[in-house]
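Notes to accompany the following structure.
Each reported figure results from applying straightforward, stated rules to the coordinates on display, with no laboratory input. Just so it is clear, the model here is predicted, and its values are computed rather than measured. Here the Cβ positions follow ideal geometry from the backbone for every residue, glycine too, while neighbour counts run over all protein chains shown.
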Amino acid sequence: MADLLPHPRPTLQHRLEYGAFRLLDALLGRLPLTTLQTVGEAAGSLFYLLDPRHRRVVRDNLRLANLGLSEAESRALSKACFRHFGALFVGLLRLRQASPEELDRWIRVEGLEHFDAAQAGGKGFIQLTGHYGNWEAIALAQSRHGRTLDVIGRELDNPLLEPISLGFRTRFGNRVILKDGAMRETLRALKAGRGVGFLLDQDALTSGVFVRFLGQWASTFGTAGSLAARYGLPVLPVFSWPNEDGTITVRFDPPFEVPVTGDASRDAWVATQLMTARIEVQVRKDPRWWFWMHRRFKTRPRSAPPLPSPLPPQEWIESVQTFSV
């Protein structure tokens, strides 16, 4: 684990947020999961009405993504997205306190043999997912079944809530690598044969490389792709989604290898594009469960400085088209 820096002194806002969490936890944390999901969906619908800024972000993302939706379909998808993430975040109150037996009833895990195959090589692997479905349930369920991993994450801004979040994420043996200065701990975990989890679908601002995602050039963190190509690591895709009966499905797909040509820059970009393509395939299967509230396409390519990152050469783009995702 990365060295933990002292937390800043809690502010009044931090204390109010902590108090609100404790109140909600006491009132809702013991209710049945399906009840909390219903409450969360209602909260999501309310935020859809009261939060024009995020409604606008969702609308802009859907306009940019080439999903072929009509205006009515986009509006329905926007509402479904708000309901889903309301249910997700409120439902975490119950998942946090769930017994192992409850987790087994609520989260259906498929494809654990693919996790075992990725780990069998002994050189570590990249576990790939995105902000799709319930990504917190993925790490919780797999560690419940003895398949632990290291996850790169950022500390919460609220130092009073961070220990609660950390306890939830590490409950069954997972480890959290703090984002600041994470490379050393990531390499240590890989050297020990462990998997390291990456959520690879957020805008990377000027720190990323541009790959294609949902029909647009999207700035994407290149660390996972660089590691996979440089060290020959298998990539293990895993995704989750809610079911009509209130349960959650977590599915591990077969691991895949990224191509290595010896050109480090090219190989890292190709790996990042292939990983992003896996996320896109899942989003297209059912767009309701992706986090459309995030400004994924905020960072745009520009033809003049300051350019966040150059677009890849055409030959790199064409080489990716030969690989099946």
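Let's see if you can work this out: charge +1 on each Lys and Arg Cβ, -1 on each Asp and Glu Cβ, no other charges. What is the dipole magnitude of region 95-231 about its Cα centre, in debye to the nearest 20?
The calculated dipole for region 95-231 is roughly 420 debye.
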Item to check | Value at 222 nm in deg cm²/dmol, rounded to 500, when DSSP H runs of n ≥ 4 in the chain each add -39,500 (n - 2.57) | outcome: -15000 deg cm²/dmol
Checklist outcome for this item: Exposure-ranked with fewest Cβ neighbours within 10 Å first, GLU102, GLU244 stand as GLU244, GLU102
Checklist entry - Spin-label point model (7 Å from Cα, Cβ direction): what's the GLN13 to LYS123 distance in nm? => result 4.6 nm
Item to check | Cβ-based exposure ranking for GLU280, GLU162, in which fewest neighbours within 10 Å come first | outcome: GLU162, GLU280
Next on the checklist: Under 5 Å between amide hydrogens, which residues at least 5 positions from VAL151 or on another chain qualify, with H placed 1.01 Å from N in the peptide plane?
Outcome noted: ARG175, VAL176, ILE177, GLY197
Next on the checklist: Can you give me the distance in nm between label points at THR35 and ASP157, each placed 7 Å from the Cα along the Cα-to-Cβ direction?
Outcome noted: 3.3 nm
Checklist outcome for this item: Here, GLN97 and GLU71, labelled 7 Å along Cα→Cβ, have an inter-label distance in nm of 4.6 nm
Next on the checklist: Ranking request for peptides 169-176, 228-235: highest mean number of other beta-carbon atoms within 10 Å first, then the rest in descending order.
Outcome noted: 228-235, 169-176
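Could you calculate the contour length gain from LEU46 to ARG175, that is, 0.36 nm times the residue separation minus the distance between their Cα atoms, to one decimal place in nm?
42.9 nm
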Checklist entry - Hey, if you drop one equal point scatterer on each alpha-carbon of region 107-320 and run the Debye formula without solvent, what base-10 log of I(q)/I(0) do you get at q = 0.10, 0.13 Å⁻¹? => result -0.43, -0.75
Checklist outcome for this item: Between ASP203 and PHE168, Cβ-based FRET efficiency (R0 22 Å, step 0.05) works out to 0.30
Item to check | Residues THR322 and GLU113, FRET efficiency given R0 of 25 Å [Cβ-Cβ distance, rounded to 0.05] | outcome: 0.35
Checklist entry - Taking the mean number of other Cβ atoms within 10 Å as a proxy for protection, how do you rank 146-154, 126-134 from highest to lowest? => result 126-134, 146-154
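Starting from 0.36 nm per residue, how many nanometres of slack lie between LYS298 and ARG184 once their C-alpha separation is accounted for?
Taking 0.36 nm per residue and subtracting the Cα distance, the gain is 38.1 nm.
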